[in-house]
Amino acid sequence: MGQAGNGQLWPPTRKRKIDPVRTFSPKVNEIERAWYVVDADGLVLGRLASEVAAILRGKRRPYFAPHVDTGDNVIVVNADKIVLTSNKADAKMAYRHSGYPGGLRQTSYATLLEDKPAELIRRSVRGMLPKNTLGRQQLSKLHVYAGAAHPHSAQKPEALDLPVARRVAG
């Protein structure tokens with residue numbers, strides 16, 4: 001860049017006006033939450049959990065924001081009929097700690113599926129959500145029931161089919 005005879009920079013620089021495009025951020029009171037019911041009969045645990053976690057976070061929404069709870073409510077029924085692939089039922093363990101020295105307890109997924117199938121699905125979904133206050137708020141919109149009945153019929157939940165979570169024979 002050189003200078004012209006009149007002391008100005010050459011070539012002349014243009015100043016463009018740039019109109020700023022504002023990023024849309026969803027407001028909590030503007031979000032309309034839907035209710036979905038998922039029948040877990042014959043679905044694979046991890047595949048079901050990842051799909052449910054995406055719905056709870058709101059990742060299927062066009063206005064998803066990672067810092068706002070934009071997700072929907074999900075009801076999972078027939079949790080006792082969930083499928084674990086491979087040898088995971090016996091090999092995989094669920095851990096909990098009492099807080100006292102030596103208070104680590106472990107339970108196999110097979111035992112957990114037999115005794116508390118709703119807790120098994122809740123733990124799996126919880127592991128796929130953010131580990132902070134927002135994740136706990138999103139997890140509170142998950143309702144898991146071992147049988148086919150649920151008390152949320154007043155919310156008129158729409159049935160959600162998850163063909164991705166079905167077990168492929170092979």
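The values are calculated or read from the model by the stated rules, or taken from the named source; none is laboratory data. Keep in mind the model is a prediction, meaning the values are calculated, not measured. Virtual Cβ from ideal backbone geometry, glycine too; neighbours counted across all protein chains shown. Surface areas here come from the heavy atoms of the whole protein model, side chains and all, with no ligands, DNA or RNA. Shrake-Rupley method; radii C 1.70, N 1.55, O 1.52, S 1.80 Å.
Pairs only if they're at least six apart or on different chains, beta carbon under 7 angstrom, first in segment 95-115 and within 28 Å of ASP41 (Cβ to Cβ) and among the acidic types (Asp, Glu), second open to solvent by 30 Å² or more (accessible area, probe 1.4 Å) and at pLDDT 95 or above; list them, first residue then second.
No pair meets every condition.
If you take the residues in segment 146-170 that are in a loop (DSSP other than H, G, I, E, B) and in contact with a strand residue (DSSP E or B) (Cβ under 6 Å, 6 or more places away or on another chain), which one is surrounded by the most Cβ atoms within 10 Å (Cβ to Cβ)?
Filtering first and then ranking leaves PRO157.
With (1) loosely packed, with under 12 Cβ neighbours inside 10 Å; (2) of a type in the set (Lys, Arg); (3) under 20 Å from the mean Cα position of the chain (by Cα) as the list, and ARG96 as the residue in question, which single condition is left unmet?
In the conditions (1) loosely packed, with under 12 Cβ neighbours inside 10 Å; (2) of a type in the set (Lys, Arg); (3) under 20 Å from the mean Cα position of the chain (by Cα), ARG96 misses (3) alone.
Under the condition of being over 20 Å from the mean Cα position of the chain (by Cα) and free of Cβ contacts under 8 Å to residues at least 60 places away in the same chain, which residue from segment 143-170 is nearest to ARG122 (Cα to Cα)?
PRO151
Going through segment 119-138 one residue at a time, which ones are within 26 Å of ALA89 (Cα to Cα) and open to solvent by less than 30 Å² (accessible area, probe 1.4 Å)?
Of everything in segment 119-138, those that are within 26 Å of ALA89 (Cα to Cα) and open to solvent by less than 30 Å² (accessible area, probe 1.4 Å) turn out to be LEU120, ILE121, SER124, VAL125, LEU129.
If you go through segment 86-104, how many residues are over 22 Å from LEU129 (Cα atoms) and not in a strand (DSSP E or B)? Working first, answer last.
First, pick out the residues of segment 86-104 that are over 22 Å from LEU129 (Cα atoms): 86-87, 89-91, 98-104.
Narrowing further to those that are not in a strand (DSSP E or B): 86-87, 89-91, 98-103.
Matching residues across segment 86-104 total 11.
Please go through segment 60-90 and give me each residue that is open to solvent by 40 Å² or more (accessible area, probe 1.4 Å) and closer than 19 Å to LEU43 by Cα, ordered by number.
Those that are open to solvent by 40 Å² or more (accessible area, probe 1.4 Å) and closer than 19 Å to LEU43 by Cα: ASP80, LYS81, SER86, ASN87, LYS88, ASP90.
Return yes or no: is GLU114 open to solvent by 40 Å² or more (accessible area, probe 1.4 Å) and either among the basic types (Lys, Arg) or touching a strand residue (DSSP E or B) at 6+ places or on another chain (Cβ under 7 Å) (or both)? Reasoning before the result, please.
Working: open to solvent by 40 Å² or more (accessible area, probe 1.4 Å): yes; either among the basic types (Lys, Arg) or touching a strand residue (DSSP E or B) at 6+ places or on another chain (Cβ under 7 Å) (or both): no.
So GLU114 fails the test.
Could you list, in sequence order, the residues of segment 22-37 that are hydrophobic (A, V, I, L, M, F, W, C) and either open to solvent by 40 Å² or more (accessible area, probe 1.4 Å) or at pLDDT 95 or above (or both)?
PHE24, VAL28, ALA34, TRP35, VAL37
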